[in-house]
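The next block holds one structure in the form of structure tokens; read it before the comments.
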Amino acid sequence: MRSFTVLLFASLSLTALAADYGTTTNPTPNMAHAHMEHVDKRWASTPDQQGFLTTAIAEASIAEQHSLAATQASDLAELKAHVRQVAQALSGEGSGNGLGFGVVDAAKGAKKHIMLAAQSPGSSDAVQLHALHIGTSASNVALWAEQAIALTDNVAVMNDLSEARTKVNAIHDLVTAIVHGSDADGDQVITWHRNEGGLAQAQWHMDLLNTAEGL
């Protein structure tokens, strides 16, 4: 009986000691939360190691500033200079005021990782729900950015200011949709749906998801 008591005491002592050092449990990492973190907190290859969505928003803000300036340019040289800045912020290619990553890759990265979060074992209903909203908006953004880049290529070889301004207005409309979303169906409400949701809608649903997950 004495031996049993000694062994029991030793076992309890070791358990308590392990608890003090945080070694009694080894919780399984929440992979859904890990991928969510890649979307809006951190990713190793982005500028300043920010999340994909955060990076997309920063790049799009630069593109928006220059697309607006391009619509107000007084001559072709000034217009083209701002359009080059738009192209760099959207594509991440070349030199300019952008971060060097680009809206396209950032939006695609956000979609990839939010969908990985939804596909992770044990992901919650909230993750499943908002991943669709965030992923759809990110897809819209990548598509609009690619369309805008194609238009910047057109402007680069134009010699007529009036024609270039027409293209620039279209570029600015696309960049505005990237940042704020687009009321595609004219119902005065911008949702996360295809052809509507932009970065603002993606961020809103990301915030809702973080709150739902207690992050």
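Please treat every number below as a calculation from the coordinates, not as lab data. This one's a predicted model, so the numbers in the text were calculated from it and none came from an experiment. As a convention, Cβ positions derive from the backbone with ideal geometry for all residues, glycine included, and neighbour counts pool all protein chains shown.
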Item to check | Under Karplus coefficients 6.51, -1.76 and 1.60, residue-wise ³J(HN,Hα) of the stretch 58-64 in Hz, glycine/proline x | outcome: 5, 5, 5, 4, 5, 4, 5
Checklist outcome for this item: A correct Karplus calculation of ³J(HN,Hα) over the stretch 197-206, with 6.51 cos²θ - 1.76 cosθ + 1.60, θ = phi - 60°, whole Hz and x for Gly and Pro, returns x, x, 5, 4, 6, 4, 5, 4, 6, 5
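For every other residue with a beta carbon closer than 12 angstrom to the beta carbon of residue 177, add +1 if it is Lys or Arg and -1 if Asp or Glu, then tell me the sum.
Details: positive: none; negative: 64, 173, 183, 196.
Net charge in that neighbourhood comes out at -4.
Given a cut-off of under 8 Å on Cα pairs at least six residues apart, what relative contact order in percent is computed for the chain? Before the final figure, lay out each step's value.
Working: 352 pairs, mean separation 41.5, N = 215.
It rounds to 19 percent for the chain.
Based on DSSP loop calls and a cut-off of at most 14 other Cβ atoms within 10 Å, the longest stretch of the chain free of exposed trypsin sites (Lys or Arg not before Pro) is what?
Values: sites that count: 42, 194.
It works out to 43-193.
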Next on the checklist: Using only the alpha-carbon atoms of the chain as identical scatterers, what base-10 log of I(q)/I(0) does the Debye formula give at q = 0.10 Å⁻¹?
Outcome noted: -0.51
Item to check | J(HN,Hα) series, the stretch 111-120, from Karplus relation 6.51 cos²θ - 1.76 cosθ + 1.60, nearest Hz, glycine and proline x | outcome: 5, 4, 7, 6, 6, 5, 4, 5, 8, 5
Next on the checklist: Going Cα to Cα from residue 167, which lysines come in below 20 Å? Please leave out same-chain ones fewer than 8 positions away.
Outcome noted: 80
Checklist entry - Among the aspartates and glutamates, which fall within straight-line cross-link reach of residue 112, defined as a Cα-Cα distance under 15 Å, with same-chain neighbours fewer than 8 residues apart omitted? => result 37, 40
Item to check | Options 74, 184, 109, ranked by Cα towards positive dipole end of the chain, top entry (Cβ charges) | outcome: 109
Item to check | Environment charge of residue 191, counting only residues whose C-beta is closer than 10 Å and scoring Lys/Arg +1, Asp/Glu -1 | outcome: -3
Checklist entry - So which lysines pass the test for residue 108, namely a Cα distance under 20 Å, with those fewer than 8 places away in the same chain ruled out? => result 41
